[in-house]
Amino acid sequence: MKVFDNLQEHILDNGLRILLLPEKEHPLATFQVWYRVGSRFEDESTRGLSHFIEHLFFKGSETMEAGEIDRRLNEIGAFNNAATSKDYTFYYAVGPGSVLEDMYSIQTDMLLRPLFDPGETDKEREVVLAEIDRSIDSPQNQFYYACMQETYGEHPYKHPVLGYKNIIETVSVSTIRDYYNSHYHPENMTIVVVGNFQAQKMREKIERDYGSIKSPSNFKSIGTRPVTSLPSKRV
């Protein structure tokens, strides 16, 4: 069912899904990229990488150094952020519609050409490890994690989105790159643009920059798995 009458949907030949919602009456615009990857797609050697990579995207690209991404967006009156869940990860920039093309270019460079510099990766490890420490230091979170384990059993939903310290402490840059190449590609992506912009022009830019990207030949979409809930109790 179409919620917005002027919503446009396009699927490129490489599987990339595009959703465009031009709204000329608004001064703002947002450019978003959603990936069908989160903690439930990880295995025993990659727990927490979806969230870790969320941090690393902001630590520089092949053309922008660490800190430059946020600075350049702020200079044009825009900002960006991201979030990771069990099922998806998304990245967005918001600002005046007049600077949408600049937001688009900065975000596209950040997501398609991440640097994963070893030095910056090691710095960000400490940030994520501190985040995990804060999380497990909360009685409320401890209760939540116990509920997830009891409810989901062997289902991947039982694992925390932040992952585990022993993995974040030791995971190599090459493993991070392999995980990125396996999951961050057109068949796992949806691009969303909403606000004050020209739909045809934006569609052409997306097709030009994203249309030639290929997904791995061995990629297989991971569907949802049934969850069997059995009565259980833990004290």
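The values are calculated or read from the model by the stated rules, or taken from the named source; none is laboratory data. The model shown is predicted, which means the values in this text are computed figures rather than measured ones. For neighbour counting, all protein chains shown are included, and Cβ atoms are generated from backbone atoms with ideal geometry for every residue, glycine included. Note: accessible area is taken over every heavy atom of the protein model, side chains too, but ligands, DNA and RNA are not part of it. Shrake-Rupley method; radii C 1.70, N 1.55, O 1.52, S 1.80 Å.
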Checklist entry - Quick one, which of [x] 17.7, 52; [y] 19.1, 59; [z] 17.6, 55 is the actual Rg and Dmax of the Cα atoms in Å calculated for this model? => result [y]
Checklist entry - With each pseudo-label sitting 7 Å past Cα toward Cβ, what's the Ser105-Asn181 distance in nm, one decimal? => result 2.9 nm
Item to check | Qualifying lysines (Cα of each under 27 Å from Cα of Lys86; at least 8 residues distant if same chain) | outcome: Lys2, Lys59, Lys123, Lys158, Lys165, Lys214, Lys220, Lys233
Item to check | Cα long-axis angle, helix 100-112 against the chain (0 to 90 degrees, to the nearest 10) | outcome: 40 degrees
Checklist entry - Length gain on complete extension for the stretch Glu65 to Phe79, per 0.36 nm per residue less the alpha carbon to alpha carbon distance? => result 3.3 nm
Checklist entry - What residues from the range 95-130 fall in the zone where the backbone N is under 19 Å from a label point 7 Å along the Cα-to-C-beta line of Glu204? => result 98-105
Item to check | Residue-wise HN-Hα coupling along the range 146-152, computed from phi with Karplus coefficients 6.51, -1.76, 1.60 (Hz; x: Gly, Pro) | outcome: 5, 4, 4, 5, 5, 6, 9
Checklist outcome for this item: For the range 46-104, using Cα atoms only, the Rg and Dmax in Å read 12.7, 40
Checklist entry - Could you give me the ³J(HN,Hα) list for the range 65-75, computed from phi with Karplus coefficients 6.51, -1.76, 1.60 and θ = phi - 60°, whole Hz, x at Gly and Pro? => result 7, 4, x, 6, 4, 5, 4, 5, 5, 4, 5
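For Lys220 and Thr151 in the same chain, what is the full-extension length gain: residue separation times 0.36 nm, less their Cα-Cα distance, in nm? Mind dumping the intermediate values first?
Numbers: separation 69, 0.36 × 69 = 24.84 nm, distance 2.70 nm.
That works out to 22.1 nm of additional length.
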Checklist entry - Considering only protein heavy atoms, what is the solvent-accessible area of Leu12 at a probe of 1.4 Å, reported in Å² to the nearest 10? => result 20 Å²
Checklist entry - What are the extents of the Cα atoms of the range 124-194 along their three principal axes, listed from largest to smallest and rounded to whole Å? => result 39, 31, 27
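Report, to two decimal places, the Cα Rg of the range 1-87 normalised by 2.2 N^0.38 Å (N = number of residues). Numbers along the way, then the final one.
On the way: Rg = 16.5 Å, N = 87, 2.2 N^0.38 = 12.0 Å.
Normalised by 2.2 N^0.38 Å, the Cα Rg of the range 1-87 equals 1.37.
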Next on the checklist: Run the paramagnetic zone check for Asn6: 7 angstrom along Cα to Cβ, then residues of the range 71-112 with backbone nitrogen under 18 Å.
Outcome noted: 95-101
Checklist entry - For the range 1-107, which chymotrypsin sites (Phe, Trp or Tyr not before Pro) are both in a DSSP coil and crowded by at most 12 other Cβ atoms within 10 Å? => result Phe4
Checklist entry - Taking a probe of 1.4 angstrom, what is the accessible area of Met64 in Å², to the nearest 10? => result 0 Å²
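Over the range 120-170, what is the relative contact order in whole percent, taking alpha-carbon pairs under 8 Å and six or more residues apart? It would help to have the intermediate numbers written out before the result.
Working: 25 pairs, mean separation 22.3, N = 51.
Here the relative contact order equals 44 percent.
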Checklist outcome for this item: For His26, His183, the accessible-area ranking with a 1.4 Å probe, largest leading, is His26, His183
Item to check | Cut-off under 5 Å, modelled amide H: who pairs with Ala29 long-range | outcome: Gly95, Gly97, Asn196
